[in-house]
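Values in this text are rule-based calculations from the coordinates and carry no lab data. This structure is a prediction, so every number in the text was calculated from the model and none was measured. With ideal geometry, Cβ positions are generated from the backbone for all residues, glycine too; neighbour counts draw on all protein chains shown.
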Amino acid sequence: MTDHTDSPTVTAAVLIIGNEILSGRTRDANLPYLAVRLNEIGIRLREARVIADVEEDIVAAVNQCRSRYDYVFTTGGIGPTHDDITAASVAKAFGLPLVRNPAAVARLEAHYEPGMLNEARLRMANTPEGATLIDNPVSAAPGFQIGNVFVLAGVPSIMQAMFEGLKHRLAGGAPMLSRTVAVFLPEGAIAKGLGALQDRYPMLEIGSYPFFRQGKFGTSLVLRGTDSAVLDRAAEELRALIRELGAEPLDAEPA
């Protein structure tokens, strides 16, 4: 997308790590949250991947994404069990040793009752050498940042708390804004005019999303960009196009 503002386009990728996601046993809730929150601070989420608990796959994905995007966020795989291999895999991706982080150990010692901090739980204090910790106000075991990669928990409530605590470290660009116009017309009826609208507004992302409501087929048309005035002009042209096709535009998808 061409950004016609003076703000840079800042990009990110999310790597969702865990066999439980791929098996369908657990439904991911972290991607929608991160997509919304990143957009709010002007960071475009350009890619999301679901990665198995396989070291070589995690290493490859981290290295590919950290070289392509400004920020990479991983979720999952930093717990106390044998299949929690994200920290070790990220360390390998950076060519760094995995070390027992003293500051992370101190946080765990303060959290657990005496005698409860066993070796399995101490694994949650392992980070790549030189990593910066990410606070975990929910259950103490921290995430960490190394380079432009932020390693977060997989449990949604913990991940969200971690993100809210680290977002001040992120430098965003212009937030993405949107306008939605719905219509009881199928996509095919509006496709030609919509394509012409996109040609006139190359700085916008314009998408069409079909729905079936009230026994009728329709389409939600979403315009996204960083300039509110440009969005308003394009949305008004879209409404005019819909009226030319003999339908009435709606400013929200019908229930």
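Structure notes:
- FRET efficiency, Glu236 to Ser139 (Cβ-Cβ, R0 41 Å, nearest 0.05): 0.25
- Set of lysines with alpha-carbon distance to Lys216 below 25 Å, sequence-local pairs under 8 removed: Lys192
- Using alpha-carbon coordinates, inclination of helix 187-200 to the longest axis of the chain, degrees: 80
- Taking 0.36 nm per residue of sequence separation and removing the Cα-Cα distance, the Val105/Thr132 pair yields an extension gain of 8.4 nm.
- The residue among Tyr71, Ile134, Asn118 whose Cα reaches farthest toward the positive pole of the charge dipole of the range 13-139, with charges on the beta-carbon of Lys, Arg, Asp and Glu, is Tyr71.
- Each of Gly42, Gly188, Gly172 was placed along the dipole of the chain (beta-carbon charges, centred on the mean Cα), and the one lying farthest toward the positive end is Gly188.
- Value of Rg to Rh for the range 27-117, rounded to two decimals, is 1.02; Kirkwood radius and Rg both from alpha-carbon coordinates.
- Check: the range 177-244 dipole with +1 on Lys, Arg Cβ and -1 on Asp, Glu Cβ, in debye: 240
- Whole-angstrom gap from the range 78-134 to the range 149-179, using each part's C-alpha centre: 21
- Residue list for the range 101-137, given a label point 7 angstrom along the Cα-to-Cβ vector of Ser157 and an amide N cut-off under 15 Å: 136-137
- Charged-residue dipole, Cβ positions (Lys, Arg, Asp, Glu), the chain about Cα centre, Debye nearest 20: 140
- Most simply put, the chain has about 60% antiparallel DSSP beta bridges, counting only bridges with both residues inside it.
- Rg in Å to one decimal, and Dmax rounded to a whole Å, for the range 119-199 via C-alpha atoms: 21.5, 63
- Extension gain, Glu47-Leu96: 0.36 nm per intervening residue step, less the Cα-Cα distance, totals 15.1 nm.
- Anisotropy class of the range 177-244 from Cα gyration tensor, a/c 1.5 cut: prolate
- Relative to the longest principal axis of the Cα atoms of the chain, the long axis of helix 55-68 lies at roughly 50 degrees.
- Cα gyration tensor, the chain - rounded (a/c under 1.5), prolate or oblate: prolate
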